[in-house]
Amino acid sequence: FSDYVRSVLYIGSGTGFLGIGIGRHNPAVETLYLADWLLTPLVMGKVNWQINQHQKTHLSCYPRLGLDFEWADEVEVPEADVLVCNPPYLPALKQYPEIELDHTVGGTDLLETVIKEGSEYADQVYVHFSSIAEREAFSAAESAGEELEQVGESSRVPFRVKPALEHPEY
């Protein structure tokens, strides 16, 4: 990131690895918001921040509990310079509702929300998603009048979601 990036909002942060890495390796970043809808990952993200911040005393980390961009506490997250998201990516197929119950990979709601609304919260939006969810991602972009642009090279990662492997539609 360039020197103008002072704040990062990490939506669906889980344990915070991506946001913490961005904060540690970009000296201009001063504020990191870790946002998730589950309390346990937020606690783990804050603990991981404490363990991995090293000497980054100029960088503050704030957890935010909420679903999508609706926060449980009434504290507003200011617009960030950069929003990052590595959301669940398995499209929900009506005939296999058990897969969507695995929130670590199931459903594309957060992916679609970030694509549609992310630019309201940050100057730049980076969302990482699987080719399995391309249809949903491009559909969300089209409906919001947004464009998706690939950054970097694609990578092939082995698909190991056992329930989905049992269903040829995936």
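Please go through the stretch 14-29 and give me each residue that is closer than 18 Å to G66 by Cα and not in a loop (DSSP other than H, G, I, E, B), ordered by number. Before you say what the answer is, go through the steps one by one.
Going residue by residue through the stretch 14-29, those that are closer than 18 Å to G66 by Cα are 14-16, 19.
Scanning the stretch 14-29 gives a single hit, G19.
Of the residues that make up the stretch 1-23, is at least one more than 16 Å from the chain's Cα centre (by Cα), aliphatic (A, V, I, L, M) and open to solvent by 10 Å² or more (accessible area, probe 1.4 Å)? Talk me through it step by step, then tell me what you get.
First, pick out the residues of the stretch 1-23 that are more than 16 Å from the chain's Cα centre (by Cα): 1-6.
From the residues that got through so far, the ones that are aliphatic (A, V, I, L, M) too are 5.
When the remaining residues are screened for being open to solvent by 10 Å² or more (accessible area, probe 1.4 Å), the result is none.
No, the conditions are met nowhere in the stretch 1-23.
Starting from the stretch 107-127, keep only residues that are on the phi < 0 side of the Ramachandran plot, then list their pairs with residues that are polar (S, T, N, Q) and surrounded by fewer than 18 Cβ atoms within 10 Å (Cβ to Cβ) whose Cβ atoms are within a distance under 7 Å, requiring at least 6 positions of separation or different chains.
Once the first residue is on the phi < 0 side of the Ramachandran plot and sits in the stretch 107-127, its partners that are polar (S, T, N, Q) and surrounded by fewer than 18 Cβ atoms within 10 Å (Cβ to Cβ) give K116/S143; V125/S119.
Tell me, please, whether a residue that is in contact with a His (Cβ under 9 Å, 6 or more places away or on another chain) and closer than 29 Å to I132 by Cβ can be found in the stretch 46-61.
As a first pass, look at the stretch 46-61 and keep what is in contact with a His (Cβ under 9 Å, 6 or more places away or on another chain): none.
No, because not a single residue in the stretch 46-61 is in contact with a His (Cβ under 9 Å, 6 or more places away or on another chain) and closer than 29 Å to I132 by Cβ.
Out of all the residues in the stretch 33-74, which are assigned to a loop (DSSP other than H, G, I, E, B), of a type in the set (F, W, Y) and open to solvent by 50 Å² or more (accessible area, probe 1.4 Å)?
So in the stretch 33-74, the residues assigned to a loop (DSSP other than H, G, I, E, B) come out as 37-38, 53-59, 68-69, 72-74.
Right, trim to of a type in the set (F, W, Y) and you get 37, 69.
The one that is assigned to a loop (DSSP other than H, G, I, E, B), of a type in the set (F, W, Y) and open to solvent by 50 Å² or more (accessible area, probe 1.4 Å): W37.
Quick one: in the stretch 137-168, which of the residues that are at pLDDT below 95 and outside any loop (DSSP other than H, G, I, E, B) is least open to solvent (accessible area, probe 1.4 Å)?
Once the filter is applied, the top-ranked residue is A164.
Of V125, V77, which residue is surrounded by 13 or more Cβ atoms within 10 Å (Cβ to Cβ), in contact with a Ser or Thr (Cβ under 7 Å, 6 or more places away or on another chain) and within 20 Å of Y33 (Cβ to Cβ)?
Working: V77 fails: in contact with a Ser or Thr (Cβ under 7 Å, 6 or more places away or on another chain).
Result of the check over V125, V77: V125.
Among the residues of the stretch 72-93, are any in contact with a strand residue (DSSP E or B) (Cβ under 8 Å, 6 or more places away or on another chain), at pLDDT 90 or above and among the β-branched types (V, I, T)?
Checked the stretch 72-93: at least one residue is in contact with a strand residue (DSSP E or B) (Cβ under 8 Å, 6 or more places away or on another chain), at pLDDT 90 or above and among the β-branched types (V, I, T).
Quick one: which residue in V84, V43, V29 is out of contact with any Gly (no Cβ under 7 Å at 6 or more places or on another chain) and of a type in the set (V, I, T)? Steps first, answer last, please.
Working: V84 fails: out of contact with any Gly (no Cβ under 7 Å at 6 or more places or on another chain); V29 fails: out of contact with any Gly (no Cβ under 7 Å at 6 or more places or on another chain).
Being out of contact with any Gly (no Cβ under 7 Å at 6 or more places or on another chain) and of a type in the set (V, I, T) holds for just one of V84, V43, V29, which is V43.
Mind listing whichever residues of the stretch 75-95 are assigned to a strand (DSSP E or B) and touching an Asp or Glu at 6+ places or on another chain (Cβ under 9 Å)?
A80, D81, V82, L83, L90
The values are calculated or read from the model by the stated rules, or taken from the named source; none is laboratory data. Not measured: the values here are computed from a predicted model. Every residue, glycine among them, receives a Cβ derived from its backbone with ideal geometry; neighbour counts consider all protein chains shown. Surface areas here come from the heavy atoms of the whole protein model, side chains and all, with no ligands, DNA or RNA. Shrake-Rupley method; radii C 1.70, N 1.55, O 1.52, S 1.80 Å.
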